[in-house]
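Working notes, structure below.
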Amino acid sequence: MSESAIRTRRWSRVEYDRLIEEGVFQPGERLELLAGQLVVREPQGTPHATGIRLLTRALREVFAEDRWIVDMQLPVALDEESEPEPDVTVTAGNPRDFLPSHPARPVLVVEVAEASLALDREEKGSLYARARVPEYWILNLRDRVLEVYREPHPDPSSPHGWAYRSRQNLAAGEHVTPSAAPTARIAVTNLMP
Amino acid sequence: MQTTYPRTRRWTRAEYDRLIEQGMFQPGERLELLAGNLVVREPQGDPHAFAIELANEALRTAFGPEWRVRVQLPIALDDESEPEPDVSVAPGRLRESSEAKPSRLVLVVEVSQSSLALDREYKGSLYARARVPEYWIVNLVNRILEVYRDPKLDASASYGWAYRSVQSLGAGAHVSPLAAPTVRVPVADLLP
């Protein structure tokens, strides 16, 4: 029997925020709340960090700062039991809009994946789809492609009951146009470390 | 459906006690800290509750006033475990005891119906790892008492430890706890 057979206590996002406020966690702990579970984030290498910087730079050129915020690894109030910190998010608004609470409705979420590819595709993909995040990218460093997911739809076979209907794999040399910036063209090459 | 993530945050016993003190849990939540996991306890039916009363009565009689016989109360098992066994026995008179949560147990008892696999493999390994010398499962499914003794290293067990000796005793048998060797408890007294 493995530990997966036990039923562990799930945390709500409100409870998680209180744990943080009360200083329950150790300094420097890297956690995300995913579907009620406190998931430990893996350490990231320089390719991962470089991918995040390249994405942020490209997306800030496309999403003007008077109307959009492009965040790196900041919390998203995704649903009642999830508060992930995606590698990059794009949200409509200005920084002070989110003083009372973390952004809940990003128009684009991006994860940079190397070792975490399965987790990012299946678990997080299903979780973002369930929260109706309209567009989700995985910068897949292993295969050097940008995976573009769109159109969340119910899918009982997915971990959280939702998945993305449309998936495109874009290689270096191709371009991507975010749904929320339909006139933009971002070269995938510019995103690859 | 519960997803199993590669690595979830483990809690220490000190952190768990602090969460309780700070009122982080909802009233009436039934939890145990098992190897760093906050495990939700399943609701218990009437036979389960009755078997706990039976074990409590039998063990109080068997051990007498020099021992603490406790029902579903937390024990300080190890640095990342604070289970609440159905019945546990620790040495010392209650009023003279310095430990609110005993850490040196001589016997732990779980009453098991739907939780048999959990109690045998998962909790059994955890109690063995903490060197609890004797562990009983009142097995309501088969109406037997399972007696586990002699914790030893076992790489195939959930937590690297298991009990070397396993005895299954039927309703006609008697059991003598290791810590009360002159006492004979009829297994029938433990079965609802």
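The values are calculated or read from the model by the stated rules, or taken from the named source; none is laboratory data. It should be emphasised that the depicted structure is a prediction, and the values quoted were computed from it without experimental measurement. Ideal geometry is used to build each Cβ from the backbone, glycine not excepted, and the neighbour counts take in all protein chains shown.
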| request: Considering only residues that are within 14 Å of chain A (Cβ to nearest Cβ) and in contact (Cβ under 8 Å) with a residue 60 or more places away in the chain, look in the stretch B:21-73 and name the one that is nearest to B:Ser112 (Cα to Cα). | output: B:Glu42
| remark: Scanning the stretch B:46-76 residue by residue, those part of a loop (DSSP other than H, G, I, E, B) and over 19 Å from B:Leu178 (Cα atoms) turn out to be B:Gln72, B:Leu73, B:Pro74, B:Ile75, B:Ala76
| Search result, residues across the stretch A:31-56 that are part of a loop (DSSP other than H, G, I, E, B), loosely packed, with under 14 Cβ neighbours inside 10 Å and either modelled with pLDDT of 90 or more or facing chain B (nearest Cβ under 10 Å) (or both) | A:Gly45
| request: Within the stretch B:80-106, work out how many residues are within 8 Å of the chain's Cα centre (by Cα) and part of a strand (DSSP E or B). | output: 2
| message | Can you find a residue that is over 13 Å from A:Val109 (Cα atoms) and among the basic types (Lys, Arg) anywhere in the stretch A:145-163? | response | no
| Looking at (1) in a loop (DSSP other than H, G, I, E, B); (2) farther than 19 Å from A:Leu33 by Cβ, which is the one condition that is false for A:Asn190? | (1)
| Test: residue in the stretch A:137-149 that is part of a strand (DSSP E or B), touching a residue at least 24 places away in the same chain (Cβ under 8 Å) and surrounded by fewer than 18 Cβ atoms within 10 Å (Cβ to Cβ) | no
| request: Sort through A:Asp17, A:Asp66 and tell me the only one that's surrounded by fewer than 21 Cβ atoms within 10 Å (Cβ to Cβ), within 14 Å of chain B (Cβ to nearest Cβ) and farther than 30 Å from B:Tyr159 by Cα. | output: A:Asp17
